[in-house]
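Here is the structure we will look at.
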Amino acid sequence: MADEERISWVTVVSCGLGMLAFVGLVLMRLIGGTAVAEQNYSMPMIACMAVMMVPILAAKIWTGTRNQDKEDGPDERDREIARHGDQARYQVLLATCVPLLSMAFSGAEHFWIAAAVFAGLGTSFIVGAGVQIGGYRRGVPAW
């Protein structure tokens, strides 16, 4: 398994768990009787973002230090797979921009706008990493 594929797997798992943790925290507060507008969502969201990003950064640092003595970096196939994953990630981010802007312009509560941004970012990372994993498993599609 290539190092970039390992990082993609770490990305899928950590982003999925981070998003589930945030949803779980919000649902527990809703069940406890706290309305969505009254919830302090900023600190749990930041903590869940840290849960998502720390393993990814640790995996990148680990693979970077492990391969420091090797002269060969990513080959052409790795760069092509990374490019396809980045394109998928950007498409998801762009698809979430229009609903987010419409929510902001219509005066939606800050919680819903922040939650939609968080969901869009997490989903884009999962989709991008999933495309990269698919590229390593099935090959890069010839478009």
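The values are calculated or read from the model by the stated rules, or taken from the named source; none is laboratory data. These figures come from a predicted structure and were not determined experimentally. Note: ideal-geometry Cβ built from the backbone for every residue, glycine included; neighbour counts use all protein chains shown. Side chains included, ligands, DNA and RNA excluded: accessible areas come from the protein's heavy atoms. Shrake-Rupley method; radii C 1.70, N 1.55, O 1.52, S 1.80 Å.
Here each label is just a point 7 Å from Cα along the line to Cβ, and for Ala35 and Ala114 those points are 1.7 nm apart. Mean separation of Cα pairs under 8 Å and 6 or more residues apart, divided by the residue count, gives the chain a relative contact order of 39 percent. Sorted largest first by accessible area at a 1.4 angstrom probe radius, with every protein chain in place, the residues Ser106, Ser8 fall in the order Ser106, Ser8. Taking Cα atoms only, the orientation of helix 76-106 departs from the longest principal axis of the chain by about 10 degrees.
Computed from Cα atoms, the angle from the helix 110-138 axis to the main principal axis of the chain rounds to 20 degrees. Note on the chain: with a GNM built from Cα contacts shorter than 10 Å, the maximum mean-square fluctuation among Gly85, Gly107, Gly24 falls on Gly107. Among Ala35, Ala50, Ala88, the residue with the largest mean-square fluctuation in a Gaussian network model of the chain, with springs joining Cα atoms closer than 10 Å, is Ala35. Per residue, the convex hull spanned by the Cα atoms of the stretch 3-138 amounts to 108 cubic angstrom. Quick one: helix 42-66 against the long Cα principal axis of the chain, what's the angle to the nearest 10°, folded into 0 to 90? Compared with the principal axis, the helix lies near 10 degrees. Taking the Cα centre of the chain as reference, the dipole from Cβ charges on Lys and Arg (+1) and Asp and Glu (-1) amounts to some 280 debye. Apolar share of the accessible surface for the chain: 68 percent from carbon plus sulfur atoms, 1.4 Å probe. Using a probe of 1.4 angstrom and keeping all protein chains present, the accessible surface of the chain works out to 62 square angstrom per residue. Ranking Val131, Val54, Val92 from most to least accessible surface, computed with a 1.4 Å probe over the protein chains only, gives Val54, Val131, Val92.
If you run the Gaussian network model on the chain, springs between alpha carbon atoms under 10 Å, then out of Glu80, Glu109, Glu38 the most flexible one is Glu38.
With a 1.4 Å probe rolled over the protein heavy atoms of all chains, the accessible area of Phe125, Phe118 falls in the order Phe125, Phe118, largest first. When the charge dipole of the chain is built from unit charges on Cβ atoms (+1 for Lys and Arg, -1 for Asp and Glu) and taken about the Cα centre, the candidate among Pro55, Gly130, Gln39 whose Cα reaches farthest toward its positive end is Gln39.
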